[in-house]
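Structure first, commentary second.
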Amino acid sequence: MCDVNVYILKDGTEELYFENVDTIKPAQGKIYLKNLFGEQKVLEGNIKEIALLKHRIVLEKK
């Protein structure tokens, strides 16, 4: 299985925010995340980087 983890860029470093992310939906300045277990999180911010081969996504808070 190819698990994707989401990290938050904070003070120049990346911190793990959410594991096993299945769905990412940006809408109206927010990013809606849902993982494989149905858990959901919402973050006000932007997508900074998507690295598919590394299975990671970096977000930046507003």
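No value in this document is a laboratory result; all are computed from the given coordinates. A quick note: this is a predicted structure, and the numbers were derived from the prediction, not measured. Don't worry about glycine lacking a Cβ; one is built from the backbone with ideal geometry, like all the others, and counts go over all protein chains shown.
Quick notes
- Tally, over the stretch 52-62, of residues that are under 12 Å from V6 (Cα atoms), aliphatic (A, V, I, L, M) and loosely packed, with under 14 Cβ neighbours inside 10 Å: 1
- Output for the stretch 1-10, where each listed residue is more than 11 Å from E60 (Cα to Cα) and either part of a strand (DSSP E or B) or among the polar types (S, T, N, Q) (or both): N5
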